[in-house]
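The values are calculated or read from the model by the stated rules, or taken from the named source; none is laboratory data. Because the structure is predicted, anything quoted here is derived from the model rather than measured. All Cβ positions, even for glycine, are placed from backbone atoms using ideal geometry, and neighbour counts span all protein chains on display. Note: accessible area is taken over every heavy atom of the protein model, side chains too, but ligands, DNA and RNA are not part of it. Shrake-Rupley method; radii C 1.70, N 1.55, O 1.52, S 1.80 Å.
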Amino acid sequence: MRGSKSFALASRLFDPPTRERAWLLYSWCRRCDDLIDGQDHGHEMTRVADPLAQVAMVERLTDAALAGEVTGDAAFDALGVVAAETAMPPRFAHDLVAGFRLDAEDWRPRGEDDLFQYCYHVAGAVGCMMAAVMGVPPGDDDTLDRACDLGLAFQLANIARDVAEDDRAGRCYLPMEWLAEMDIPPGQHMKPPFRDRLVVLVRRLTDRAAQHEASARIGAARLPRRSRWAVLAAAGIYGDIAREVARRGAHAWDHRVSTGKAGKLGHVMGAWLAASRPITDVPRAASLWTRPR
(Lines give C-alpha, C1' and ligand atoms only; values in the text may rest on other atoms or scores of the structure.)
Protein backbone atom coordinates (compact mmCIF):
# COMPACT_ATOMS: atom_id res chain seq x y z
CA MET A 1 0.00 0.00 0.00
CA ARG A 2 1.39 3.40 -0.98
CA GLY A 3 0.93 6.33 1.40
CA SER A 4 1.15 6.08 5.17
CA LYS A 5 3.53 3.34 6.31
CA SER A 6 2.20 3.61 9.86
CA PHE A 7 -1.38 3.07 8.72
CA ALA A 8 -0.32 0.17 6.51
CA LEU A 9 1.38 -1.56 9.43
CA ALA A 10 -1.40 -1.00 11.97
CA SER A 11 -4.14 -1.97 9.52
CA ARG A 12 -2.56 -5.38 8.97
CA LEU A 13 -3.46 -6.24 12.56
CA PHE A 14 -7.21 -6.16 11.83
CA ASP A 15 -9.17 -9.29 11.00
CA PRO A 16 -9.41 -9.72 7.19
CA PRO A 17 -12.89 -8.19 6.61
CA THR A 18 -12.11 -5.14 8.79
CA ARG A 19 -8.69 -4.78 7.16
CA GLU A 20 -10.20 -4.76 3.67
CA ARG A 21 -12.76 -2.11 4.61
CA ALA A 22 -10.08 -0.01 6.33
CA TRP A 23 -7.96 -0.09 3.17
CA LEU A 24 -10.96 0.87 1.04
CA LEU A 25 -11.72 3.79 3.33
CA TYR A 26 -8.08 4.85 3.35
CA SER A 27 -7.97 4.83 -0.44
CA TRP A 28 -10.87 7.29 -0.55
CA CYS A 29 -9.30 9.59 2.10
CA ARG A 30 -5.96 9.50 0.27
CA ARG A 31 -7.55 10.18 -3.11
CA CYS A 32 -9.45 13.20 -1.79
CA ASP A 33 -6.32 14.62 -0.19
CA ASP A 34 -4.24 14.07 -3.31
CA LEU A 35 -6.82 15.71 -5.59
CA ILE A 36 -7.11 18.82 -3.44
CA ASP A 37 -3.46 19.22 -2.39
CA GLY A 38 -1.90 18.10 -5.69
CA GLN A 39 -0.08 15.19 -4.04
CA ASP A 40 0.82 11.65 -5.06
CA HIS A 41 -0.23 9.34 -2.21
CA GLY A 42 0.49 12.07 0.31
CA HIS A 43 3.87 13.12 -1.10
CA GLU A 44 5.32 15.88 -3.29
CA MET A 45 2.68 18.55 -2.74
CA THR A 46 2.20 20.85 -5.73
CA ARG A 47 0.08 23.95 -6.18
CA VAL A 48 -3.44 23.24 -7.47
CA ALA A 49 -4.77 25.93 -9.81
CA ASP A 50 -8.31 25.95 -8.37
CA PRO A 51 -8.50 23.96 -5.11
CA LEU A 52 -12.11 24.99 -4.46
CA ALA A 53 -13.11 23.47 -7.80
CA GLN A 54 -11.34 20.28 -6.72
CA VAL A 55 -13.26 20.31 -3.44
CA ALA A 56 -16.52 20.70 -5.36
CA MET A 57 -15.62 17.69 -7.49
CA VAL A 58 -14.75 15.66 -4.38
CA GLU A 59 -18.09 16.65 -2.82
CA ARG A 60 -19.98 15.58 -5.94
CA LEU A 61 -18.22 12.22 -6.24
CA THR A 62 -18.56 11.56 -2.49
CA ASP A 63 -22.29 12.25 -2.55
CA ALA A 64 -22.68 9.91 -5.52
CA ALA A 65 -20.69 7.15 -3.83
CA LEU A 66 -22.69 7.44 -0.61
CA ALA A 67 -25.88 7.22 -2.67
CA GLY A 68 -24.70 3.90 -4.08
CA GLU A 69 -23.87 5.19 -7.55
CA VAL A 70 -20.88 4.02 -9.58
CA THR A 71 -18.59 7.04 -9.95
CA GLY A 72 -15.96 5.66 -12.32
CA ASP A 73 -13.23 6.52 -9.79
CA ALA A 74 -12.05 3.44 -7.91
CA ALA A 75 -11.35 5.27 -4.65
CA PHE A 76 -14.81 6.87 -4.51
CA ASP A 77 -16.42 3.57 -5.45
CA ALA A 78 -14.46 2.07 -2.54
CA LEU A 79 -16.19 4.53 -0.20
CA GLY A 80 -19.51 3.37 -1.62
CA VAL A 81 -18.63 -0.23 -0.79
CA VAL A 82 -17.71 0.65 2.80
CA ALA A 83 -20.90 2.69 3.26
CA ALA A 84 -23.01 -0.18 1.92
CA GLU A 85 -21.33 -2.80 4.14
CA THR A 86 -21.28 -0.84 7.42
CA ALA A 87 -23.50 1.43 9.48
CA MET A 88 -21.22 4.40 8.78
CA PRO A 89 -23.23 7.65 9.05
CA PRO A 90 -22.78 9.72 5.86
CA ARG A 91 -22.23 12.87 7.93
CA PHE A 92 -18.71 11.75 8.86
CA ALA A 93 -17.64 11.64 5.22
CA HIS A 94 -19.26 15.04 4.66
CA ASP A 95 -17.43 16.41 7.70
CA LEU A 96 -14.07 15.25 6.32
CA VAL A 97 -14.75 16.91 2.96
CA ALA A 98 -15.62 20.10 4.88
CA GLY A 99 -12.12 19.91 6.34
CA PHE A 100 -10.63 19.80 2.86
CA ARG A 101 -12.62 22.91 2.06
CA LEU A 102 -11.10 24.72 5.06
CA ASP A 103 -7.61 24.09 3.68
CA ALA A 104 -8.66 25.08 0.16
CA GLU A 105 -9.95 28.39 1.56
CA ASP A 106 -6.61 28.97 3.35
CA TRP A 107 -8.46 28.98 6.66
CA ARG A 108 -6.54 29.81 9.88
CA PRO A 109 -7.67 29.08 13.46
CA ARG A 110 -8.33 32.11 15.64
CA GLY A 111 -8.70 30.30 18.98
CA GLU A 112 -8.29 26.85 20.47
CA ASP A 113 -11.86 25.82 19.66
CA ASP A 114 -11.19 26.65 15.99
CA LEU A 115 -8.09 24.44 16.13
CA PHE A 116 -10.08 21.51 17.47
CA GLN A 117 -12.88 22.08 14.95
CA TYR A 118 -10.28 21.79 12.21
CA CYS A 119 -8.68 18.69 13.76
CA TYR A 120 -12.12 17.11 13.94
CA HIS A 121 -12.88 17.76 10.30
CA VAL A 122 -9.57 16.45 8.95
CA ALA A 123 -8.91 13.59 11.39
CA GLY A 124 -11.52 13.13 14.11
CA ALA A 125 -14.20 12.38 11.50
CA VAL A 126 -11.89 9.70 10.06
CA GLY A 127 -11.64 8.18 13.54
CA CYS A 128 -15.44 8.01 13.64
CA MET A 129 -15.56 6.38 10.20
CA MET A 130 -12.96 3.83 11.27
CA ALA A 131 -15.04 3.08 14.35
CA ALA A 132 -17.98 2.27 12.06
CA VAL A 133 -15.70 -0.01 10.05
CA MET A 134 -14.83 -1.79 13.31
CA GLY A 135 -18.50 -2.32 14.11
CA VAL A 136 -19.26 0.55 16.50
CA PRO A 137 -22.99 1.35 16.09
CA PRO A 138 -23.94 4.92 15.10
CA GLY A 139 -25.83 5.45 18.36
CA ASP A 140 -22.82 4.71 20.60
CA ASP A 141 -21.80 8.33 21.00
CA ASP A 142 -19.32 7.78 23.83
CA THR A 143 -17.28 5.22 21.87
CA LEU A 144 -17.46 7.44 18.78
CA ASP A 145 -16.18 10.32 20.92
CA ARG A 146 -13.23 8.12 21.93
CA ALA A 147 -12.58 7.23 18.30
CA CYS A 148 -12.67 10.92 17.46
CA ASP A 149 -10.19 11.49 20.31
CA LEU A 150 -7.65 9.28 18.57
CA GLY A 151 -8.02 11.23 15.34
CA LEU A 152 -7.61 14.48 17.26
CA ALA A 153 -4.46 13.14 18.94
CA PHE A 154 -3.02 12.12 15.56
CA GLN A 155 -3.72 15.52 14.00
CA LEU A 156 -2.34 17.49 16.94
CA ALA A 157 0.84 15.41 16.71
CA ASN A 158 1.03 16.07 12.96
CA ILE A 159 0.62 19.82 13.46
CA ALA A 160 3.32 19.84 16.15
CA ARG A 161 5.72 17.89 13.95
CA ASP A 162 5.01 19.82 10.74
CA VAL A 163 5.13 23.43 11.99
CA ALA A 164 8.20 24.20 9.85
CA GLU A 165 6.95 22.29 6.79
CA ASP A 166 3.56 24.02 6.98
CA ASP A 167 5.28 27.40 7.32
CA ARG A 168 7.22 26.77 4.11
CA ALA A 169 3.91 26.01 2.40
CA GLY A 170 2.40 29.25 3.72
CA ARG A 171 0.20 27.52 6.28
CA CYS A 172 -0.08 27.88 10.06
CA TYR A 173 -2.38 25.86 12.30
CA LEU A 174 -1.32 27.46 15.58
CA PRO A 175 -4.25 29.58 16.80
CA MET A 176 -3.76 33.30 16.32
CA GLU A 177 -4.73 33.87 19.96
CA TRP A 178 -1.92 31.55 21.07
CA LEU A 179 0.60 33.46 18.96
CA ALA A 180 -0.63 36.79 20.33
CA GLU A 181 -0.43 35.43 23.87
CA MET A 182 3.28 34.69 23.32
CA ASP A 183 3.82 38.01 21.51
CA ILE A 184 4.79 36.26 18.26
CA PRO A 185 3.97 38.40 15.19
CA PRO A 186 1.90 36.69 12.45
CA GLY A 187 4.08 34.65 10.11
CA GLN A 188 7.17 34.98 12.30
CA HIS A 189 6.86 31.91 14.54
CA MET A 190 9.70 30.01 12.81
CA LYS A 191 12.16 32.90 13.17
CA PRO A 192 15.03 32.18 15.62
CA PRO A 193 14.12 34.95 18.12
CA PHE A 194 10.74 33.26 18.73
CA ARG A 195 11.88 29.62 18.87
CA ASP A 196 11.66 29.27 22.67
CA ARG A 197 8.15 30.73 22.66
CA LEU A 198 7.15 28.39 19.83
CA VAL A 199 8.34 25.44 21.92
CA VAL A 200 5.87 26.47 24.66
CA LEU A 201 2.97 26.48 22.20
CA VAL A 202 3.94 23.21 20.56
CA ARG A 203 4.17 21.51 23.94
CA ARG A 204 0.64 22.70 24.50
CA LEU A 205 -0.30 20.80 21.33
CA THR A 206 1.51 17.64 22.45
CA ASP A 207 -0.06 17.82 25.92
CA ARG A 208 -3.51 18.02 24.34
CA ALA A 209 -2.59 15.11 22.07
CA ALA A 210 -1.61 12.98 25.07
CA GLN A 211 -4.92 13.70 26.81
CA HIS A 212 -6.97 12.64 23.80
CA GLU A 213 -4.78 9.58 23.21
CA ALA A 214 -5.42 8.43 26.80
CA SER A 215 -9.17 8.80 26.28
CA ALA A 216 -9.00 6.86 23.00
CA ARG A 217 -7.17 3.97 24.68
CA ILE A 218 -10.11 3.50 27.05
CA GLY A 219 -12.51 3.39 24.12
CA ALA A 220 -10.32 0.83 22.35
CA ALA A 221 -11.01 -1.65 25.15
CA ARG A 222 -14.59 -1.92 23.91
CA LEU A 223 -13.56 -3.15 20.46
CA PRO A 224 -13.03 -6.73 19.26
CA ARG A 225 -9.54 -7.92 20.21
CA ARG A 226 -7.96 -7.66 16.74
CA SER A 227 -9.36 -4.15 16.29
CA ARG A 228 -8.19 -3.21 19.79
CA TRP A 229 -4.70 -4.45 18.90
CA ALA A 230 -4.60 -2.33 15.74
CA VAL A 231 -5.91 0.80 17.46
CA LEU A 232 -3.50 0.54 20.39
CA ALA A 233 -0.57 -0.02 18.03
CA ALA A 234 -1.52 3.05 16.00
CA ALA A 235 -1.96 5.09 19.17
CA GLY A 236 1.54 4.19 20.30
CA ILE A 237 3.15 4.83 16.91
CA TYR A 238 1.55 8.24 16.40
CA GLY A 239 1.81 9.11 20.08
CA ASP A 240 5.57 8.69 19.84
CA ILE A 241 5.65 11.49 17.27
CA ALA A 242 4.12 13.95 19.75
CA ARG A 243 6.34 12.72 22.58
CA GLU A 244 9.50 13.03 20.48
CA VAL A 245 8.59 16.54 19.31
CA ALA A 246 8.14 17.56 22.95
CA ARG A 247 11.41 15.90 23.94
CA ARG A 248 13.44 17.65 21.24
CA GLY A 249 12.22 21.09 22.23
CA ALA A 250 13.77 23.81 20.07
CA HIS A 251 15.42 21.18 17.85
CA ALA A 252 12.14 19.46 16.96
CA TRP A 253 12.22 20.82 13.40
CA ASP A 254 15.91 20.25 12.58
CA HIS A 255 14.95 16.86 11.13
CA ARG A 256 11.47 15.48 10.55
CA VAL A 257 10.29 13.39 13.49
CA SER A 258 9.13 9.86 12.69
CA THR A 259 8.80 6.52 14.43
CA GLY A 260 11.39 4.08 13.12
CA LYS A 261 10.75 0.48 12.10
CA ALA A 262 12.03 -0.92 15.40
CA GLY A 263 9.85 1.49 17.35
CA LYS A 264 6.78 0.57 15.32
CA LEU A 265 7.34 -3.14 15.84
CA GLY A 266 7.81 -2.48 19.54
CA HIS A 267 4.42 -0.79 19.66
CA VAL A 268 2.83 -3.68 17.75
CA MET A 269 4.17 -6.14 20.32
CA GLY A 270 3.24 -3.92 23.25
CA ALA A 271 -0.26 -3.41 21.85
CA TRP A 272 -0.74 -7.18 21.57
CA LEU A 273 -0.10 -7.51 25.29
CA ALA A 274 -2.17 -4.44 26.17
CA ALA A 275 -5.10 -5.74 24.12
CA SER A 276 -5.33 -8.79 26.38
CA ARG A 277 -5.41 -6.80 29.62
CA PRO A 278 -8.58 -5.34 31.13
CA ILE A 279 -8.83 -1.54 31.14
CA THR A 280 -10.94 0.30 33.70
CA ASP A 281 -13.72 2.08 31.81
CA VAL A 282 -13.92 5.55 33.32
CA PRO A 283 -16.11 8.43 32.12
CA ARG A 284 -14.62 10.61 29.44
CA ALA A 285 -13.09 13.76 30.93
CA ALA A 286 -15.44 16.72 30.70
CA SER A 287 -12.46 18.99 29.98
CA LEU A 288 -11.79 17.31 26.63
CA TRP A 289 -13.04 18.96 23.45
CA THR A 290 -16.04 17.07 22.11
CA ARG A 291 -16.97 16.59 18.46
CA PRO A 292 -20.08 18.30 17.05
CA ARG A 293 -23.26 16.23 17.07
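Ignoring everything but the protein chains, give the 1.4 Å probe accessible area of Trp272 in square angstrom, nearest 10.
For Trp272, solvent-accessible area is about 110 Å².
Report the net charge of residues surrounding Met190, where surrounding means a beta-carbon distance below 14 angstrom and charges are Lys +1, Arg +1, Asp -1, Glu -1.
0
Could you order Met129, Met57 so the one with the most accessible surface comes first? Probe is 1.4 Å.
Met57, Met129
With every protein chain left in place, what is the accessible area of Asp281 in Å² (1.4 Å probe, nearest 10)?
Approximately 90 Å² for this residue.
Answer rounded, prolate or oblate for the chain, using the Cα gyration tensor with square roots of eigenvalues a ≥ b ≥ c: rounded when a/c is under 1.5, else prolate when a/b is larger than b/c, else oblate.
Oblate.
Over the chain, give the accessible area per residue in Å² for a 1.4 Å probe, as an integer.
46 Å²
Going by accessible area, probe 1.4 Å, with all protein chains left in place, what is the ranking of His251, His189, His121, largest first?
His251, His121, His189
Where in the chain are the helices, taken as whole DSSP H runs, whose Cα atoms extend 15 angstrom or more along the long axis and whose Kyte-Doolittle mean reaches at least -0.5?
Membrane-span-like by this criterion, though nothing is claimed about a membrane: 51-66, 74-85, 90-104, 141-161, 195-220, 225-248, 261-274.
Under a 10 Å cutoff between Cα atoms, tell me which one of Arg12, Arg60, Arg208 has the largest fluctuation in the Gaussian network model of the chain.
Largest GNM mean-square fluctuation: Arg60.
Tell me the Kirkwood radius of the stretch 174-293: reciprocal of the mean inverse pair distance over distinct alpha-carbon atoms, in Å.
Every distinct Cα pair counted, the radius reaches 16.3 Å.
If Lys and Arg each add +1 and Asp and Glu each add -1, what is the summed charge of the other residues whose beta carbon sits under 13 Å from the beta carbon of Leu273?
After counting each charged neighbour, the total is +3.
Determine the shape class of the stretch 1-138: with a ≥ b ≥ c the square roots of the Cα gyration tensor eigenvalues, call it rounded for a/c under 1.5, and otherwise prolate if a/b is greater than b/c, oblate otherwise.
Since a/c stays below 1.5, the shape of the stretch 1-138 is classed as rounded.
Looking only at GluC sites (Glu not before Pro) in DSSP loops with at most 11 other Cβ atoms within 10 Å, what is the longest site-free stretch of the chain?
106-293
Return the carbon/sulfur percentage of the accessible area of the chain, one whole number, probe 1.4 Å, all protein chains in place.
About 55 percent, which is the carbon plus sulfur part of the accessible surface.
Show me 229-238, 21-30 ranked by packing, highest mean number of other Cβ atoms within 10 Å first.
229-238, 21-30
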